[in-house]
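**Student:** Would you mind keeping the following structure in view while I ask a few things?
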Amino acid sequence: MTVIAPSILAADFARLGEETRAIAEAGADWIHLDVMDGHFVPNISFGPAVVKALRPWTDKLFDVHLMIAPADPYLAAFAEAGADAITVHAEAGPHIHRSLQTIRGLGKRAGVALNPGTPATLIEPVLDMVDLVLVMTVNPGFGGQSFIASAFETVSRVKALVADRPIGISVDGGVTPETAGPAAAAGADILVAGSAAFKGGPDRYRANIATIREAA
Ligand code: DX5
Ligand code: ZN
């Protein structure tokens, strides 16, 4: 079954707790939390304190996406704050293997993220260290962007590299009912959706999630 992971970057930041609960109750499988530092990406979102504040609002898996560099100094803080999966960017520093080792050592699921300009082959040396490969289908930093079509090829290549290993393949950015089907066909089994999940407000969340799931 396809996992739908709404990104709270698209939620009402003035009511993040209520929004997290609402999207969880509307059928989200995971909650995707986009952490941005204004350095690795040209935007700033939130840190471990917000993850900790949101933890009591739902039992859903917290899928924390670190768009920060360096990531290593903050891994323990996100683990203690309540992250269940922590994904770091392969481009965020020279020691992706050590970062993934650290995440696993903290008892969390480890993910590696690839920006649209990064080849899938970069993950080959760390395939035995990850539970999740996140393929960025937009340039990271903002929600509401359009899906980069060349990323479908990266998803397919990641799928071939992952082969029959128990590794989830996530696509993140520009996921809509129109792109969900081709992304799933290319090999994605986790769909991160921000604007497509949160559009129209809380009364629309259940329908938004169902529409994306049906399209996958
Ligand atoms: C972008 C983030 C994505 C983004 C998704 O840097 O990693 O998770 O919030 O938002 P949409 O679905 O609106 O592209
Ligand atoms: Zn993300």
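Quick note: the coordinates plus some simple rules give every number you see, no bench work behind them. Remember, predicted model here, so these are calculated numbers, not experimental data. All Cβ positions, even for glycine, are placed from backbone atoms using ideal geometry, and neighbour counts span all protein chains on display.
**Student:** So what's the back-of-envelope 222 nm ellipticity for the chain, counting only DSSP H runs of four-plus at -39500 (n - 2.57) apiece and dividing by all residues, rounded to 500?
**Tutor:** -9000 deg cm²/dmol
**Student:** Take every Cα pair under 8 Å in the chain that's 6+ residues apart, average their separations, divide by the length, and report that relative contact order as a whole percent.
**Tutor:** With pairs under 8 Å counted, the relative contact order is 21 percent.
**Student:** Can you compute the label reach from W57? Point 7 Å from Cα along the Cβ direction, backbone N cut-off under 15 Å, restricted to the stretch 75-94.
**Tutor:** Counting backbone N atoms under 15 Å from the label point, the list is 82-83.
**Student:** Full extension from H95 to K199: what is 0.36 nm times the residue separation minus their Cα-Cα distance, to one decimal in nm?
**Tutor:** Length gained between H95 and K199: 33.7 nm.
**Student:** Between the stretch 23-91 and the stretch 154-216, what's the alpha-carbon centroid distance in Å?
**Tutor:** Distance between centres, Cα-based: 18 Å.
**Student:** If you project the alpha carbons of the stretch 140-195 onto the principal axes, what extent comes out on each, in Å, largest first?
**Tutor:** Principal extents (Cα only, largest first): 33, 20, 18 Å.
**Student:** Quick one: pull the percentage of alpha-carbon pairs in the stretch 70-142 with a separation above 20 Å.
**Tutor:** 24 percent
**Student:** Can you give the alpha-carbon Rg of the stretch 115-216 over 2.2 N^0.38 Å, where N counts its residues?
**Tutor:** Compared with the compact-globule rule of thumb, the stretch 115-216 sits at 1.08.
**Student:** Could you tell me the convex hull volume per residue, in Å³, taken over the Cα atoms of the chain?
**Tutor:** Expressed per residue, the convex hull around the Cα atoms of the chain is 105 Å³.
**Student:** Calculate the FRET efficiency for Q145 and E80 from the Cβ-Cβ distance with a Förster distance of 35 Å, rounded to the nearest 0.05.
**Tutor:** E(calc), rounded to 0.05, equals 0.65.
**Student:** Also, I was wondering about something else. P(r) for the stretch 119-159, please, calculated from all Cα pair distances in 10 Å bins and given in %.
**Tutor:** 26, 49, 23, 2
**Student:** To continue, here is another question. Average projected area of the Cα convex hull of the stretch 1-119, in nm²? Don't skip to the answer; put the middle values down first.
**Tutor:** On the way: hull surface 30.7 nm².
In nm², the orientation-averaged hull projection of the stretch 1-119 is 7.7.
**Student:** Among the lysines, which have Cα under 23 Å from the Cα of K159 when same-chain residues fewer than 8 positions away are ignored?
**Tutor:** K159 reaches K108.
**Student:** Ok, one more. Rank by packing, highest mean first: peptides 207-216, 164-173, 141-150, with packing defined as the count of other Cβ atoms within 10 Å averaged across residues.
**Tutor:** Final packing ranking: 164-173, 207-216, 141-150.
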